[in-house]
Structure formats: structure tokens, C-alpha cells
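As C-alpha cells, the structure follows; a few thoughts come after it.
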Amino acid sequence: MHRKIEIIINNSELTAGTRGASLGPGAIMTAARRADNFYFNSYPLHSLPDFNHFLDQTSTTEFAKNIIPYKQVFETVAEKTQTVLKQGAFPLILSGDHGSAAGTIAGIKAAFPEKRLGVVWIDAHGDLHSPYTTPSGNMHGMPLSLSLGNDNLSYKKNTPSEEVVDIWNELKFKYTGRAKINPKDLIFIGVRDTEHEEDQLIAENNITNHTVETLRREGSQEIVRQVLKQLETCDLIYISFDVDSMDPEVTSFGTGTPVGNGIFPEEAEEILTLLAQNPKTVCIEFVEVNPCLDNKLNTMAETAFSLLESVTTALSK
């Protein structure tokens, strides 16, 4: 089915632990221009304010770094995603860090409050921490807990400030008044680097993780078949693609938290295009390209752009 595509650019890296992800969307655009490809002149383009100037001062919110300005990022992403969807378009989102995804999920739910949303999270990490469990305080490790409305208090090890708790609780239920997704409607692909607290949350909620080993054994088409089968009672699907899901030895180390033994670009392409072709898929987001860390010039961004092109082709059929 042919989709009306609009591109949202969110350069925020407020929730990342390593600087440089804010340059990721621009690096992807540079990859297109170096190839004399006019992709970014082919679709409506929305560039959001990033609030990265707050990185030039010390964060005062332990266990949820930069949550005060992040609230603005969350709302900006959510409201633009909502607007694009309500106008009947398909948002393709290029973001700096993965904290953006909580805003994207909120925006989808704000546009379709009565629709059940499935989330396919293609990533090396679970991103299931909360201010109560985080080992780092970096909020790009928290978007799924925020969307699930689950603080994982059974494994609490931190005591965040009242200010952090107030903002966290506000964002958990903002635009919806309730949790935005159900654990049984969340599916991981390629997750392989998690902490104990996340492992417990995954186990207790029976969250599906299609590992790299399973992907190799069963193949991309079978994994996608299983994903769509599990999400068949959902009305909508959102796909969040973190480039660190891919094997850094095959692509590059151009991402903030690379993890070995990841999926191959060819596997990512097949998974993304098959999911994009499903009529329930309403939004796809690419995150965490960091050209400052790329050991092969701009290879990660070039790989991401190639995947973006393939997804666009699939959406245009």
C-alpha cells in the first residue's frame, strides 16, 4: 500500500551517555548527498528543536540526567508525530538518541488513543530501566519503562529526587492517562546486552526476544512471521530501529554503545522492509548513529541511509 511519507528530524542527544548522536541525522543526510541522491528533497521534512544547549551545563537530576529539558523533547516529538499521523501521513523519524522513542510512542497513542499499539524494538539493549533501577542515569536506557508505565520497583536500588519522580510520572501517562503499551505487545529483536533488573522485568512480563542466534537459525522471514502473529490483535505497529542492533564488526562502531555479535545489515533490511509492508505499521524510527565514533568514516550513516531507502521503497509499493 502506498504511503504518504513525511520525515521528522530530531537531533536531540540529551539522554545519551556519549556525545555525538545529535550529528547522526545530519550524517545520514550527508550520506545521501555524497551519493548525489535527492532523497531529502523528495518528502516533507520537519526539523524539531533539540534543546542540546542544556548539555552545556551540569545536570541537576541524578538517576534521570537532563529529564527537565528532556520533557520538552518528549513533548515536541510526541506532538509532531501526532500531527503527521492525524494528517494521514507516515512519519519516518531520524533521531539522535533512543530517548526520543518514548515521545514517538506517546505521539502515536495521542493520535489514536483507542488503538492498541504493538512495538517492535530492534536494538542491542532492552532500554527497560527507570530512575529507580538505572546504573548510569542516562535516559536513553529508559524509554520502554516510560512507555510501559513500569518502574520495576521490585528491583529498586536508587532513590530519585521528588522533582525527578514528578516529571517521570507525568511523562508516563502524558496524553493517555494510562500506560501506552502492554508488555505482551512489545517484541525485541537482537537484544543481547541487558542488566539484571531488565532481565527480571523481561522474565516477569514474558517479553519476547528474538535473539540473533534465533534469527540466524530461523531466518528473517520466519521471525517477521512470528512477530506479526504475536501482534495480530494490535491495531497499529511502531518499529524502533537502533543501529547498535547491528554487528559493529560488519558495519562500524559509529554508535554510542556498540555490542558485538549483532544482526547483519542484510538481515536488518529484510526485517525492516517486511515489517514496513504490513498495513498496521504506522511509524518507523532510526536512532543512535554517532559519526564522532565511526571507525570507518561515515559508514554507519551510509548503512542507515541504505536501510532508510529500502524501507521507503517498501512503503511506496
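The values are calculated or read from the model by the stated rules, or taken from the named source; none is laboratory data. Keep in mind that this is a model prediction, so the values were computed, not measured. Ideal geometry is used to build each Cβ from the backbone, glycine not excepted, and the neighbour counts take in all protein chains shown. Surface accessibility is based on the protein's heavy atoms, side chains included, excluding ligands, DNA and RNA. Shrake-Rupley method; radii C 1.70, N 1.55, O 1.52, S 1.80 Å.
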Residue by residue through segment 12-40, note down the ones that are β-branched (Val, Ile, Thr) and either touching an Asp or Glu at 6+ places or on another chain (Cβ under 6 Å) or over 24 Å from Ala102 (Cβ atoms) (or both).
-> Thr15, Thr30
Restricting the search to segment 200-229, which residues are open to solvent by 60 Å² or more (accessible area, probe 1.4 Å) and under 14 Å from Phe188 (Cβ atoms)?
-> Ala203, Asn206, Glu213
Look at segment 184-199 and say how many of its residues are open to solvent by 20 Å² or more (accessible area, probe 1.4 Å), part of a helix (DSSP H, G or I) and within 13 Å of Asp127 (Cα to Cα).
-> 3
Mind listing whichever residues of segment 17-36 are of a type in the set (Gly, Ala, Ser) and either open to solvent by 30 Å² or more (accessible area, probe 1.4 Å) or within 26 Å of Ser136 (Cβ to Cβ) (or both)?
-> Gly17, Gly20, Ala21, Ser22, Gly24, Gly26, Ala27, Ala35
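For every residue, the table says whether it meets (1) in contact with a Pro (Cβ under 9 Å, 6 or more places away or on another chain); (2) at pLDDT 95 or above; (3) open to solvent by 50 Å² or more (accessible area, probe 1.4 Å); (4) of a type outside the set (Lys, Arg).
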{"residue": "Tyr43", "(1), (2), (3), (4)": "no, yes, yes, yes"}
{"residue": "Asp56", "(1), (2), (3), (4)": "no, yes, yes, yes"}
{"residue": "Thr81", "(1), (2), (3), (4)": "yes, yes, no, yes"}
{"residue": "Ala89", "(1), (2), (3), (4)": "yes, yes, no, yes"}
{"residue": "Asp97", "(1), (2), (3), (4)": "no, yes, no, yes"}
{"residue": "Gly103", "(1), (2), (3), (4)": "yes, yes, no, yes"}
{"residue": "Glu114", "(1), (2), (3), (4)": "no, yes, yes, yes"}
Output for segment 1-16, where each listed residue is in a strand (DSSP E or B) and among the charged types (D, E, K, R) | Glu6
Residue check: is Ser145 within 15 Å of the chain's Cα centre (by Cα) and either at pLDDT 95 or above or in a loop (DSSP other than H, G, I, E, B) (or both)?
-> yes
If only one of Lys280, Lys317 is modelled with pLDDT under 95, open to solvent by 20 Å² or more (accessible area, probe 1.4 Å) and out of contact with any Ser or Thr (no Cβ under 6 Å at 6 or more places or on another chain), which one is it?
-> Lys317
Failed criterion for Met1 (all others in (1) hydrophobic (A, V, I, L, M, F, W, C); (2) modelled with pLDDT under 95; (3) within 21 Å of Ser130 (Cβ to Cβ) hold) = (3)
